[in-house]
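Everything on this sheet refers to the single structure shown next.
Readers should treat all values here as calculations from the given coordinates under stated rules, not as data from a laboratory. It should be emphasised that the depicted structure is a prediction, and the values quoted were computed from it without experimental measurement. Counting neighbours? That spans all protein chains shown, and the Cβs are built from the backbone with ideal geometry, glycine included.
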Amino acid sequence: MENLFAFLNQNSGALTVVFTGFVTLATLVYAVLTAVLVVETRKLRQAQTEPRIEITVDALDFAVNIVRLCVRNIGEGPAKNVKFEPAVIDGGEAAESLLEEFLSPNFFQTGLRYFGPGQYRFSGYTQTNQDFEAKASSALCFKVTYESATEKKYVEEIVVDMAELRGRYQLGKPNLYSIAKSMEKIQKDLHHITTGFKRIKVDGYDSDDREREEKEREEWRREAAAELERHNK
């Protein structure tokens, strides 16, 4: 122990420098980690208030040949002052006519003052069974400008390529659509019954009817047995 204390006393200055170096290094590492944590927290907070607009081609569930555009806010925050600047990239006159069909709702011209997270709007529709090749060869572009709740401005150019429609098909009717149609038919039948438009047909059958039927069945068995006996003779 005496030797250890003597060593520490003789080298106290060097040990102090080494200890100070370790403390300084630990402080720097802690400062870097704190800065990284602050940046990540800021990004997370921004993501929770950041809007994100997407535009996709959407077909009706019960009629795959009828398509429209779905404008949706897939971000976590609301979008304010949303403006649309549509243009044709490829497709010529057919694309111009297609774009005109899609732009029939008024919000494409006036914009959206508030577009909450998860909200969506639909464009006008077009029928792909009419002039399909020309429509499938069209490409549209939407320049979308909007602001977040923190007034951060966003500018995006979203390309809608109608070639995605090629090879698309649908087998049968969607389950939800079939259920809805069945419920509608049941509701219509119940309405007809309650209003007297259609009456329920009821066949009465009581104990007298059962007894008479049993007697007729017994008589038929006797006649059949007698006929069989005569035939055997």
TODO: Determine one quarter of the surface area of the Cα convex hull of segment 75-126, which equals its mean projected area, and express it in nm² to one decimal.
DONE: 4.1 nm²
TODO: Describe numerically, in nm with one decimal, the distance between label points set 7 Å from Cα along Cα→Cβ at Glu211 and at Asp131.
DONE: 8.1 nm
Open item on the list: With the crude spin-label approximation of a point 7 Å out along Cα→Cβ, what separation in nm comes out for Gln109 versus Val155?
Closed with: 2.6 nm
Task: Spacing of the two label points (7 Å from each Cα toward its C-beta) at Glu93 and Leu37, in nm - done: 6.7 nm
Task: Efficiency of FRET from Cβ geometry, Glu54 and Ala139, R₀ 22 Å, rounded to 0.05 - done: 0.85
Open item on the list: What number do you get for segment 50-149 when its Cα radius of gyration is normalised by 2.2 N^0.38 Å, N = residues?
Closed with: 1.11
Task: For segment 206-217, 3J(HN,Hα) per residue [Karplus equation, 6.51 cos²θ - 1.76 cosθ + 1.60, θ = phi - 60°, Hz, x = Gly/Pro] - done: 10, 5, 5, 5, 5, 5, 5, 5, 5, 5, 5, 5
Task: Calculated from backbone phi, Karplus (6.51, -1.76, 1.60) coupling profile of segment 133-140 in Hz, x at Gly/Pro - done: 4, 5, 5, 5, 8, 8, 9, 10
